[in-house]
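Scroll down for the structure; my scribbles are underneath it.
The values are calculated or read from the model by the stated rules, or taken from the named source; none is laboratory data. Being a predicted model, the structure only gives us computed values, none of them experimental. Glycine also receives a Cβ, built like all others from the backbone with ideal geometry; neighbour counts cover every protein chain displayed.
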Amino acid sequence: MTAVETNGAADGAATPPILQLAAVRAGYGRIDVLHGIDLELRAGEVFALLGPNGAGKSTTLAVASGQIVPSSGGMFLCGRDVTGAAPDALARAGVCLIPEGRGIFPNLTVSENLRMATYTGHSYHDILELAFAQFPRLGERRKQTAGTMSGGEQQMLAMARALATEPALLLIDELSMGLAPIIVDELYDHVRRIAASGLSILIVEQFAHEILGLADRAGIMLHGRLLHTGPPANIAGELTDAYLGADHTAS
Amino acid sequence: MSDEPTGADGTMSSARLAQFEDEVAKLKVTGGGANPERLGSQWGIGLTILGFVIAIISWWSALDAKDSAITALRAEIFAIIGIGISLVGIVIWVRNSLTRYLRYWIIRLVYEQREQTDQLIRALRDEK
């Protein structure tokens, strides 16, 4: 069962979505994890993808970032079919993934990690300036080895590195994983500011309460299918049923 | 890069969106092989076998062409072309196999280093 919302602003219908996954089936090797995902993200929108472990949320992001090529179905950016485009080409175009577990280089310093973002053609100086303006704490720790920072600071570094590349589409995988609630709140304040700037964000989370407050729309994934999409208020009501349903199915 | 970059406050301009559309329009889409190195390796093996077969057949043709030096010469040229195709196939196979191996190797290295750093940090924290 799939569900693509067609509601929204009138101009949303006129312009193609910045990201569209159409009947996407994908997985690892011969095993499909996604069983026909239909998802649309409009420009400037924040879409929260929720669901329990193993639902296929991270795989959806892997498809959207080009790391996994769908076995069937299509991926579209701004209306153009980009199914099979290389992940580095998508990254250079402006699709940026902040992976689960932060994805920083723990043995490099903060500055060296930020230097990695120069692949987009931005100058090192500009990247440092932008990153430290958004996350002043990173400026204080610029020479510190990234792996020795707290989990929250590492996540900030991952976000700073992503934002320094001026993405047009930001994909965030489980920002809150392994972090204390107070740190998660702080990070979501940053995400809220980024979202207010008009960046299109597809964000994956297991737990809803942090994210539903800032999302424009949300969807629930279960067993590789997008079961419900809609306004966060509606999704919040359906979430418990979906999770309990998952537990019953699993047991 | 954009002439009108994202500001320090992270404001995304409409110019950036337009630039993104341009970049997407220029994207080279291969149509999607889930594993390009494996495909490359298969092509390499295929070319190697093809070249080898051409070389063997041409060589036998050259041996059989006892009455005509020109025919023998042509067959020998084909044999050399076959050997060339085999060499190209071997290079393609080695290149793709190495890329595949190094990709796994670097991923493994990154994960191992991350795990070691995490262990070190845990140990340091436990000491405190």
**OP:** Considering every residue within the range B:41-59, establish whether at least one is among the polar types (S, T, N, Q), without any contact (Cβ under 8 Å) to a residue 12 or more places away in the chain and either surrounded by 13 or more Cβ atoms within 10 Å (Cβ to Cβ) or not in a helix (DSSP H, G or I) (or both).
**Re:** yes
Original post:
If a residue has to be at pLDDT below 90 and either of a type outside the set (Val, Ile, Thr) or surrounded by 17 or more Cβ atoms within 10 Å (Cβ to Cβ) (or both) to count, how many in the range A:3-42 make the cut?
Top reply: 18
Original post:
Only one of (1) at positive phi; (2) buried (at least 22 other Cβ atoms within 10 Å of the Cβ) fails for A:Gly101. Which number is that?
Top reply: (2)
Original post:
If you check B:Ala69, B:Ala62, B:Ala25, B:Ala79, which single one turns out to be within 14 Å of chain A (Cβ to nearest Cβ) and not basic (Lys, Arg)?
Top reply: B:Ala25
**OP:** With respect to B:Ala65, determine if the residue is over 22 Å from B:Val91 (Cα atoms), of a type in the set (A, V, I, L, M, F, W, C) and modelled with pLDDT under 85.
**Re:** yes
Original post:
If you go through the range A:73-114, how many residues are polar (S, T, N, Q) and part of a helix (DSSP H, G or I)?
Top reply: 2
**OP:** Could you check how many residues of the range A:156-178 are over 22 Å from A:Gly66 (Cα atoms) and part of a helix (DSSP H, G or I)?
**Re:** 2
Original post:
Can you name the residue in the range A:126-147 that is within 10 Å of another protein chain (Cβ to nearest Cβ) and in contact (Cβ under 8 Å) with a residue 40 or more places away in the chain and is also surrounded by the most Cβ atoms within 10 Å (Cβ to Cβ) among such residues?
Top reply: A:Ala146
Subject >> Among the candidates B:Leu17, B:Leu39, residue that is at the interface with chain A (Cβ under 9 Å from one of its Cβ atoms) and modelled with pLDDT of 80 or more >> reply: B:Leu17
Subject >> Test: A:Glu186 is free of Cβ contacts under 8 Å to residues at least 40 places away in the same chain and in a helix (DSSP H, G or I) >> reply: yes
Original post:
Would a scan of the range B:86-96 turn up a residue that is small (Gly, Ala, Ser), in a helix (DSSP H, G or I) and away from every other protein chain (no Cβ under 12 Å)?
Top reply: yes
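Table: residues versus (1) β-branched (Val, Ile, Thr); (2) assigned to a helix (DSSP H, G or I); (3) within 12 Å of chain B (Cβ to nearest Cβ).
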site: A:Ala26; (1), (2), (3): no, no, yes
site: A:Gly36; (1), (2), (3): no, no, no
site: A:Ala43; (1), (2), (3): no, no, yes
site: A:Ser58; (1), (2), (3): no, yes, no
site: A:Pro70; (1), (2), (3): no, no, yes
**OP:** Answer with yes or no whether A:Arg193 is assigned to a helix (DSSP H, G or I), facing chain B (nearest Cβ under 10 Å) and modelled with pLDDT under 90.
**Re:** yes
Original post:
Looking at (1) more than 13 Å from chain A (Cβ to nearest Cβ); (2) within 29 Å of A:Ser150 (Cα to Cα), which is the one condition that is false for B:Glu115?
Top reply: (1)
Original post:
Which of (1) more than 10 Å from every other protein chain (Cβ to nearest Cβ); (2) closer than 26 Å to A:Val69 by Cβ; (3) in contact with a strand residue (DSSP E or B) (Cβ under 8 Å, 6 or more places away or on another chain); (4) not hydrophobic (A, V, I, L, M, F, W, C) is the odd one out, the single condition A:Asp81 does not satisfy?
Top reply: (1)
Subject >> Of all residues in the range A:104-122 being at the interface with another protein chain (Cβ under 9 Å from one of its Cβ atoms) and not hydroxyl-bearing (Ser, Thr, Tyr), the one that is surrounded by the fewest Cβ atoms within 10 Å (Cβ to Cβ) >> reply: A:Gly121
**OP:** Search the range A:197-213 for residues being touching a Ser or Thr at 6+ places or on another chain (Cβ under 9 Å) and not in a strand (DSSP E or B), and hand back the single one that is modelled with the highest pLDDT.
**Re:** A:Leu199
